[in-house]
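One structure below.
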Amino acid sequence: MRKNFVEELRWRGMLAQMMPGTEDLLQKEMVSAYLGTDPTADSLHIGHLCGIMMLRHLQHCGHKPIILVGGATGMIGDPSGKSQERNLLNDETLRHNQECIKAQVAKFLDFESKDENAAEMVNNYDWMKDFTFLDFAREVGKHITVNYMMAKESVQQRLNGTARDGLSFTEFTYQLLQGYDFLYLYQHKGVKLQLGGNDQWGNMTTGTELIRRTLGNEVETFALTCPLITKSDGKKFGKTESGNIWLDPKRTTPYKFYQFWLNVSDEDAERYIKIFTSLDKETIDALIEEHRADPGRRVLQRRLAEEVTVLVHSKEDLDTAIEASNILFGKSTKEALEKLDEQTFLDVFEGVEHHTIDRSQLGQPAIELFTAAAPVFPSKGEMRKMVQGGGVSLNKEKLADPQRPVTEDDLIDGKYLLAQKGKKNYYLLIVK
C-alpha cells in the first residue's frame, strides 16, 4: 500500500482543489505528475517552494515527479494573477535558466534514482518550437471554444481589471498552450496529473478538457492545486522590502535566507513548518506544542529556519548563517567576522549606522577616528570613560587604550571597521 499523497498534502495545509477521482488514481497506481515553472530568471525564489515541495512529497509517496520548464510559454507570459505581459526571452537565456533551475530542484527531487519514479525535467520549447500556427489551429484550437476560454477567471480578471492594455491574443491563447503541454505529456510520458498553484486551476482544467475532447471521453486526466501561500497579515509570502527571497546564494545570502524564516510570526511558523519541510506530523505537532508553551524561545522558527536552509543550501551554510546571526546578538570574535564573505558581512550589518572615512585617516589613535573622523562618540571624554569601563570594542575585540592606533591591519575585507559601544550599539566604518 503506497503512502497517501493527498492525505500528506491535506494535513500539511497544501491542498486547495482537486478533480474528483484524483485520490483514487493515486492510491491505485504509480502516477506521473507534472508541475510547470517559469524560466524567466536563473533562480527560483521561495514563492516556488510550495510547488517544489508538492513534487518532493509526490516522489516520497512512490509517484513520478516531472518538472516542466516553460521555455515556450515563458516567451509569452501567463495572464493568471498578472496585470502585465512578461518579457520575451531568447533561446540561450532560457537554456541557461533551465540548467540553473534544475540544479536547485535536484536538492529536493531525486533525478538519479534507478527506480521508475525518478524525477525528470522537460522543456515545452522542445515540442513547441517546430509546431506551426496552422498545426496549432488545427490540432488544438478547434477543440476548445472561445466561450469556454472566456469563462476562465484569469481571463475575466484581465478583461474587467484595471490593465490599460486589456488582454492580448497571445495571452489569451496561453491556456491552450498550457493545455497542449498536458496533452503532449500524456501522450509521450503517460502523465495523468497536473499539479500547480490555485491561480492555475483554470489553465489546468483546460488541459484535462483538451485531452478529453482530443482523445475521447474514456481518457481520464486530473488536476490538483495547492493554496497560494500568504502571510498571516494577508500580504504576499516571500516578498520583502528588498524584493524576492531567492534560492540562489548569490542573489540572497544563506544568512539572509535563514533570517527570513527565523523572523516569521508564530502563526506563520506553524503553517510554514508543515509546508516547507519534510518533517513528519508527530515531530511537527511536538514542536508546535513546545513552542506554544514558551513562544519566547522561538523553537518553531529556529527549526523551520534550520530545515529550509539545509534543504536549499547546505549544513555548512546553515552553520555560517547561525554564526553570523550570533555576531550581533551573542559573543563573537574577530575571526568570526573575518570568516564571513563580504555580502554576508554587509547583510549582517545592514541596519547598523554606517560612516565613510578616508583611507588617509588610518594610523590615527582610535579616539581621533571615533570622534573626529566618524561620530561614533559625541566627545573624547565620553569615549575615554566608556573605554575605561570596558564598554568599547573594535572588530569584536575590547579596546583597552583609546590612544591605540587603528591601521590597515585592522580592516575586515580590506575596507571595513566595526566599532561597538555597549552591548548593542554598532557602527560600521567603511574605509575608502
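Listing for the model above:
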quantity	calculated
Solvent-accessible surface (1.4 angstrom probe) belonging to T132, in square angstrom, nearest 10	70
Surrounding net charge for D285, when Lys and Arg each add one and Asp and Glu each subtract one, Cβ distance under 13 Å	0
Overall form of region 268-310 per C-alpha gyration tensor (a/c, 1.5; a/b vs b/c)	oblate
Local electrostatic count at L429 - Lys and Arg +1, Asp and Glu -1, tallied over other residues with Cβ under 12 Å	0
R0 of 22 Å, Cβ-Cβ distance Q27-E220: FRET efficiency to nearest 0.05	0.90
Rounded, prolate or oblate (a/c below 1.5 giving rounded, otherwise prolate when a/b exceeds b/c) for region 224-307 by Cα gyration tensor	prolate
Two-site label geometry, N147 and R10: point separation in nm, points 7 Å out along Cα→Cβ	3.6
Estimated inter-spin distance, K189 and T230, nm [label 7 Å along Cα→Cβ]	3.3
Gyration tensor verdict on region 113-253 (Cα atoms; rounded if a/c is under 1.5, prolate if a/b is larger than b/c, oblate otherwise)	oblate
Calculated Rg and Dmax of region 273-391 using C-alpha coordinates, Å	20.6, 61
Dipole of region 1-52, positive direction: furthest Cα of L35, L9, H48, with charges on the beta-carbon	L9
Region 326-432, Rg to Rh (Cα coordinates; Rh as Kirkwood inverse mean 1/r)	0.92
Amide H contacts of N123 (H built 1.01 Å from N, under 5 Å, at least 5 apart or other chain)	V69
Rough spin-label spacing in nm, given labels placed 7 Å along Cα→Cβ, for D401 and F131	7.7
Max mean-square fluctuation residue, GNM over the chain, Cα-Cα springs under 10 Å, options K339, K235, K315	K235
Descending principal axes extents, region 211-269, alpha-carbon based, whole Å	52, 29, 17
Mean ellipticity per residue at 222 nm, deg cm²/dmol - from DSSP H runs of n ≥ 4 across the chain, formula -39500 (n - 2.57)	-12500 deg cm²/dmol
Span from the region 1-74 Cα centroid across to the region 198-213 one, whole angstrom	16
Summed side-chain charge close to A106 - residues other than A106 whose Cβ falls under 13 Å, Lys, Arg +1, Asp, Glu -1	-1
Cα point-scatterer Debye curve for the chain, base-10 log of I(q)/I(0) at q = 0.11 Å⁻¹	-0.90
For region 114-146 and region 363-432, distance of Cα centres in Å	64
Segment L159-N198, extension gain: residue separation times 0.36 nm, minus the distance between their alpha carbons	12.1 nm
Max mean-square fluctuation residue, GNM over the chain, Cα-Cα springs under 10 Å, options H188, H57, H45	H188
Of Q301, Q200, Q157, the one that fluctuates the most in a GNM where the chain has Cα springs shorter than 10 Å	Q157
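The values are calculated or read from the model by the stated rules, or taken from the named source; none is laboratory data. It should be emphasised that the depicted structure is a prediction, and the values quoted were computed from it without experimental measurement. Neighbour counts are summed over all protein chains in view; Cβ atoms, including those assigned to glycine, are modelled from backbone coordinates with ideal geometry. In case anyone asks, the SASA skips ligands and DNA or RNA and just uses the protein heavy atoms, side chains included. Shrake-Rupley method; radii C 1.70, N 1.55, O 1.52, S 1.80 Å.
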